[in-house]
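Everything below concerns the one structure shown next.
The values are calculated or read from the model by the stated rules, or taken from the named source; none is laboratory data. Keep in mind that this is a model prediction, so the values were computed, not measured. Reconstructed Cβ throughout: ideal geometry from the backbone, glycine too, with neighbour counts over all protein chains shown. Accessible surface areas use protein heavy atoms only, side chains included; no ligands, DNA or RNA. Shrake-Rupley method; radii C 1.70, N 1.55, O 1.52, S 1.80 Å.
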There are 2 protein chains.
Amino acid sequence: MSKRQRPDVSSPAFASGAKIRRVTTASAIYEQLHAAILSLQMKPGVALQEKRIAEEFGVSRTPVREALLRLAEAGLVEIFPQSGTFVSRIPVSAIPEAVVIRKSLERTTVEQAAEIATADDIARLDAIIARQRVHAALNEPSQFHEQDEAFHEAISVIAGYPGIWSILKTAKLQIDRARRLTLPVRGRMDSVIEEHVTIRDAIAAHDVDRARGAMMHHLSAVIPDIDELRLVYPGYFS
Amino acid sequence: MSKRQRPDVSSPAFASGAKIRRVTTASAIYEQLHAAILSLQMKPGVALQEKRIAEEFGVSRTPVREALLRLAEAGLVEIFPQSGTFVSRIPVSAIPEAVVIRKSLERTTVEQAAEIATADDIARLDAIIARQRVHAALNEPSQFHEQDEAFHEAISVIAGYPGIWSILKTAKLQIDRARRLTLPVRGRMDSVIEEHVTIRDAIAAHDVDRARGAMMHHLSAVIPDIDELRLVYPGYFS
DNA sequence: CTGCACGAATTGATATACTAGTATCCAAAA
DNA sequence: TTTTGGATACTAGTATATCAATTCGTGCAG
């Protein structure tokens, strides 16, 4: 039998390696562009060129193209064959749907988490909330948002459905982009922390109904007002 | 300066539709391999070689690579850098999660569909069910399955959440692969039709609770018995 | 006989070169 | 002045070549 079988997928190899190419240039470029689009440094609707990007990064078009293809699948860019590549506009119609998807899946994860969470799990949530308090106090929105994501991801993991989080991440993309357009609301970070605490408490108490209710309330509170944004930023939406 | 200044509003396509050439060879190869893997013509675990595939299709390695990268994102192949590419084994651990995802999202779509379905919508469902009856009578499992997917997609569309269907499609992938391994159960097609009719009736009656119940029952009925399959097809699962 | 080190072969990753579709601009005709 | 058709210069798609890393066999040393 000549069939090869990879013995170990998770070969961390020589993790300290300075030269090991765990990250291909293509994925590095993907990360960069992904972040730039999500942070709106690259504005919706603007044209991209494989060639120019390749020159900026000092690489050939091949890895750039690979990155753009992945971004296209994520819905962050649109590729028109033989014509051009553009940063995708935020699809207004997709936003309410994304909210529904979030509510549907996070309802499932938070319910299951409330059923089976262990003391260790709660401790993990507490640690995340603690970090959020720090970032809120220091007024660091970026890191705060990072920990916000970590909180929701943790609940997925606790529920035993880590794959759901990756779905949520892609569903959240356009919402997050729109949210970047909203001015930071004073005190919003504190409210988020409060809501997270409520969710955490319900999970810790194994109170499924209360956990679901708290999560639904939390998710309803973060919906950006699209109609208003469209007026202020015409051309950013489709 | 001769540089062309493109106003960012210019989207090159009045392409709100299907007029664009999307028959790039890369996507054609993707479709082919996708179908081959899903139908198990390509068995889980076997090695693939870009070079050989390129020769078979009579193209260069570039579009083949592009297709493989997309398949890797869908979880249908695994690429080990500098080592090899393999048709992914069916991840047993992901199957229960996929079922949960399906139940969560289809619960949402069927509830909403039951709320707002119009007579036209019901007619569309009836048409699909009618086609299913034909394929069942003629014992055409492949086309039957096609209409089965169409039924669930239609419900997503009726609910106003077409994007949920595309999520469901990718979530369903591994389930469908496993299901291909099960022997066709005699009379199963007829049961599916009955369950679809029940769902359809509940939607038509705008009975949200009954629609949800019928859908949950339907989804529970199509879960393949993984443990048994693992015994019969060792090496197909991971 | 065993273990380790080295090297050839094979693979995916990247670079470069070429092809073919598309939009824009400008000139010529109405 | 407006319209229209084609030249032109762009783009992404594809082909080919090169690079680098991993694997596995082989041979030498212990």
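Please report, in whole Å³, the volume per residue of the convex hull around the C-alpha atoms of the range B:96-218. Intermediate results must be reported in sequence, preceding the final value.
Working: hull volume 11.2 nm³, N = 123.
Each residue corresponds to 91 Å³ of Cα convex hull volume.
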Item checked: Inter-copy label distances at B:K169 (7 Å, Cα→Cβ; nm, one decimal) -> 2.2
Checklist line | For chain B, the longest site-free run once trypsin sites (Lys or Arg not before Pro) in DSSP loop states with at most 12 other Cβ atoms within 10 Å are removed | finding: B:23-185
Next item on the list: Keeping all protein chains in position, work out how much accessible area B:L33 exposes to a 1.4 Å probe, and write it in Å² to the nearest 10.
Entry: 10
Margin query: Testing the spin-label approximation: label points 7 Å from Cα along Cα→Cβ at A:L231 and B:E194. State their distance in nm.
Written below: 5.7
Note to self: With every atom except the alpha carbons ignored, what do you get for Rg and Dmax of the range A:25-87, in angstroms?
What the structure shows: 10.4, 28
Check: Sequence-distant or interchain residues sharing an amide H contact under 5 Å with A:H206, placed H: which?
Finding: none
Margin query: Which three extents, in angstrom, do the Cα atoms of the range B:147-226 have along their principal axes, listed largest first?
Written below: 36, 28, 19
Checklist line | Ratio of Rg to Rh over the range B:123-173 (Cα coordinates, Kirkwood Rh, two decimals) | finding: 1.03
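So, in the protein assembly as shown, how many Lys pairs have Cα atoms under 16 Å apart, if the pair is 8 or more places apart or on different chains? Don't skip to the answer; put the middle values down first.
Values: A:K3/B:K43; A:K51/B:K3; A:K103/A:K169; A:K103/A:K172; A:K103/B:K103; B:K103/B:K169; B:K103/B:K172.
Number of lysine pairs found: 7.
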Margin query: Ignoring everything except DSSP H segments at least 4 long, calculate the 222 nm mean residue ellipticity for chain B; use -39,500 (n - 2.57) per segment, divide by total residues, nearest 500.
Written below: -21500 deg cm²/dmol
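Using a probe of 1.4 angstrom, how much of the accessible area of chain B is carbon and sulfur, in percent?
Values: 6730 of 12700 Å².
In chain B, the share of accessible area belonging to carbon and sulfur is 53 percent.
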Next item on the list: Could you pull the Rg and Dmax for the protein assembly as shown, using just the Cα atoms, both in Å?
Entry: 23.9, 73
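Given 37 °C and 0.692 mPa s, compute D for chain B with the Stokes-Einstein relation, Rh being the Kirkwood radius over Cα pairs; round to the nearest whole µm²/s.
On the way: Rh = 20.2 Å.
Rounded, D is 162 µm²/s.
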